[in-house]
Every structure is written in C-alpha cells, then in structure tokens.
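Let me begin by presenting the structure, written as structure tokens, before commenting on it.
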Amino acid sequence: MTVSREQQIVRTAHHEAGHIVVAAVQNLKLRPEGLSVDERGEGLACYCKNTAESDTERERIIIATFAGLNSEERLCEELGFPVPEEMQRIFSQDSKEAREKISRLSYLSVERTAFQIEAELQSRSEAIILKYWSAIQSVAAALLASDWEPIRALKSGSVWSQSEKAKYLAGDELDVVLRQAGVEAEFAAIC
C-alpha cells in the first residue's frame, strides 16, 4: 500500500510530536528550534539527546527516540494509514540512535540482553504515548496548521532537508501548545 505525500506529512508531524512530547514529560530539555516537517514528509524534532551521563538519562533519551515511530504507528492504526514496515523500523535513523545508546547502558549483560532492554524501553515509550496522546495530537496539529516557509538552516549550519519549504513550530510556540496540553517543558539553547 502506498502512502500519499499528504499522509506522509501528517505521519511525520505525529512522529516528531511524539519525540518532543515524550522528551518533555521525561524532563529532557527541548531546543528552541522546536520541530518541523518538510514538503517531502521528512521531519526534525530538536531536543537534547547527546548529554547522557547516566543510565537513567540514556533510558529517557532512548524512550523519546522510540516515541517517534511509536507515535506514527499509533496514528496510522487510528486513521487506517499503512503502518511502518518492520524493516523501516529496524533500519530507521531513530532505531540506530537508540541501539547505540542501549549499547552504552551499564546493565547490558548476558542476563539482560540488548533485545530485552529494547523491548522494555519500547513498552515504556508506548505507555507514555498512550498517556499523553492528546498532547502529541495537539503539537502535531499546531505544526500542520503552520504555514509553509523556506527551509531554515540549523544553528550548526547543517542541512536537515533537501526540500525548499517546511512547516515549523518554534520553541516559543511549542511551549504554548505544550502548556495548553498540560505538559511543562524546559528549553535549552545549548545541550
């Protein structure tokens, strides 16, 4: 089953909103860049995920990383869109990032394998998504309601999209939407 461009944009908005909301409710700092989706359906959620000094912080980052695909899948099931295929999940950038962080957990062992840890953290991610689904929907709706505008360069100078236009929900706007949904967030210009 094919996915239309419009469906992909809606899916990606929920994917990125899932990252942001789950990061916020776990007290991970969000970046002022907020989140975005381009006209091809690629997205970006800006939160601090390279500061893991402890297993607890690593777990929170992994859970927020899993939340993107988990939120997208929940949306697809609700709306009857094609669900992301297992190979897409396994080889996604999010899964690669999560597996790298899992490999750095101090309790990884023969008794507690990476597969077991991943399953546990996926379950925790799904539970948070279920609890905060209305907040995820609110953030995605606000992103989708924003106007198309030229692609913005990231502060690092990196290019996140090959498209010409994107929709953005910057940190100040995101903070308002999150607060209205009952989610407190902390923002940091530098992680």
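Miscellaneous remarks
- Close pairs from the stretch 111-127: first farther than 10 Å from Ile62 by Cα, partner not in a helix (DSSP H, G or I), Cβ under 7 Å, at least 6 apart: Ala114/Ser103; Ala114/Leu108; Ile117/Leu105; Ile117/Leu108
- For the stretch 9-25, the criterion of being in a loop (DSSP other than H, G, I, E, B) and either surrounded by fewer than 20 Cβ atoms within 10 Å (Cβ to Cβ) or in contact with a strand residue (DSSP E or B) (Cβ under 9 Å, 6 or more places away or on another chain) (or both) is met by no residue.
- Look at the stretch 99-110: where a residue is closer than 13 Å to Thr65 by Cβ and free of Cβ contacts under 8 Å to residues at least 24 places away in the same chain and a partner is surrounded by fewer than 15 Cβ atoms within 10 Å (Cβ to Cβ) and of a type outside the set (Asp, Glu), sitting 6+ places away or on another chain with Cβ atoms under 8 Å, you get Arg99/Ala114.
- Scanning the stretch 55-81 for residues that are exposed (fewer than 12 other Cβ atoms within 10 Å of the Cβ) and assigned to a loop (DSSP other than H, G, I, E, B) turns up just one, Gly80.
- Candidate set: the stretch 89-98, residues that are free of Cβ contacts under 8 Å to residues at least 12 places away in the same chain and part of a helix (DSSP H, G or I); chosen: the one farthest from Gly43 (Cα to Cα): Ile90
- Set Ala45, Ala114: member being among the aliphatic types (A, V, I, L, M) and surrounded by fewer than 16 Cβ atoms within 10 Å (Cβ to Cβ): Ala114
Since every read-out is calculated from the coordinates, none of them should be taken as a lab result. Just so it is clear, the structure is predicted and the values come from calculations on it, not from any experiment. All Cβ positions, even for glycine, are placed from backbone atoms using ideal geometry, and neighbour counts span all protein chains on display.
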